[in-house]
Amino acid sequence: MTLTMPHRRAPRRPSTQTPIGICVQSPHAPAMLASASPLAFVSVADTSELWVEPLSQLYPVHLQADWLTIGTAHGPASAQLDKLQEQLAAIDVERVTVALDATCICHPPDLAWQPVLTQLSDLRQRLQQPILLDASPVWHAGWAPADQAEILVHLCQRSGCQLQLDLHALLVQGLNRARQQGWTLASGHADTLRALGMARAEALDLIWGLPPSLVGEVRLGGFLWPAEPGEDITPERNQRLTPTAWSLYEEALEHLGAVPTLIDWNHQLPPLAVLLDEARLAAQYLGEQHDCEQTELFN
């Protein structure tokens, strides 16, 4: 695969801190409340949990509303919208991320997009809240990386929303595509290193096609290699990041700038210290990017 770099790098956003957050679930809540961590924000899936309100006194809260999907033929159910408004009324939420269904999206963009845009417009008007789109389903629809980037740019520009860029999902998509082409995916297998390189290259093709201003957050997670070589990698985030994932993150930051980053581990939770250590590693990459930006500002 040939990678095409942009002719001119898009301007990077200014940054004054290290905007790292983690997804918090109930097992980690007591430890999070017991001692302060150097996090810029926390993300939760449900603000009605009793521990979320005291946690919101310590950190800004983001709501990862994966249970609300935009883009279906009839739009989100009234019960889902009511639940979302109740969630936002419970505590002060800094931003909301909703899932995107790719069934109503086509390439190139045409009138079939209108239901998606209408639903997003209605949701923004109803919530009066910044909205991020988890566009992972677009990546699984089978389009080439350049086409996926074109779709996402069009969607953001028309809707006024930003993206949550899930690097974990991008890598998993590329690796599973390699398996479907006959490559063996298993820890230590000769095909695995080549497949990782191909998945990383495809992800960078997409990332370089996105203007930095359209990406509101990067989402990181680690995957487990399949037990059987013929199986797909599952989308669960249940491992520490691989060296390839960190390399992809570093190169993404070179294009996007010091964008807020979410560490997500949603299955087989480890001790909280493991998540905080992943956040520490991400902060190092973000800090290096911030230093580069500051150097460029004064040169």
Would you mind telling me which residue in LEU241, LEU127, LEU165 has the biggest mean-square fluctuation in a Gaussian network model of the chain, where springs connect alpha carbons within a distance under 10 angstrom? LEU127
Estimated D of region 168-274 in µm² per second, where Rh is the Kirkwood radius over Cα pairs and Stokes-Einstein applies at 20 °C, 1.002 mPa s: 148 µm²/s
Applying the Karplus parametrisation 6.51 cos²θ - 1.76 cosθ + 1.60 with θ = phi - 60° to the phi angles of region 78-88, what ³J(HN,Hα) value in whole Hz is obtained for each residue in order, glycine and proline being reported as x? 4, 5, 5, 5, 4, 4, 5, 5, 5, 4, 6
So with the 1.4 Å probe, I'd like the accessible area per residue for the chain, rounded to whole Å². 45 Å²
Determine the percent antiparallel among the DSSP beta bridges restricted to the chain, to the nearest 5. 5 percent
Treating each Cα of region 143-208 as an identical point scatterer and ignoring solvent, apply the Debye formula and state log10 I(q)/I(0) at q = 0.21, 0.22 Å⁻¹. -0.83, -0.89
Report the residue, chosen from LEU185, LEU123, LEU275, that carries the largest GNM mean-square fluctuation when the chain is represented by alpha-carbon nodes joined by springs under 10 Å. LEU123
Rounded, prolate or oblate for region 46-135? Axes are the square roots of the Cα gyration tensor eigenvalues, ordered a ≥ b ≥ c, and the cut-off for rounded is a/c under 1.5. prolate
Compute the convex hull volume of the Cα atoms of the chain, divide it by the residue count, and report the result per residue in Å³ as a whole number. 142 Å³
Summing +1 for each Lys or Arg and -1 for each Asp or Glu, what net charge is found among the other residues whose Cβ lies under 14 Å from the Cβ of ARG124? +2
Net length gained if the chain between TRP51 and THR103 were fully extended (0.36 nm per residue, minus Cα distance): 15.1 nm
Expressed as a whole percentage, what fraction of the accessible surface of region 37-111 belongs to carbon and sulfur atoms when a 1.4 Å probe is rolled over the protein heavy atoms? 55 percent
For every other residue with a beta carbon closer than 13 angstrom to the beta carbon of SER48, add +1 if it is Lys or Arg and -1 if Asp or Glu, then tell me the sum. -4
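The values are calculated or read from the model by the stated rules, or taken from the named source; none is laboratory data. In this text the structure is predicted, and so the values were computed from the model without any measurement. Cβ coordinates were reconstructed from backbone atoms using ideal geometry, including for glycine residues, and neighbour counts include every protein chain displayed. Calculation scope for accessible area: heavy atoms of the full protein, side chains included, ligands and nucleic acids excluded. Shrake-Rupley method; radii C 1.70, N 1.55, O 1.52, S 1.80 Å.
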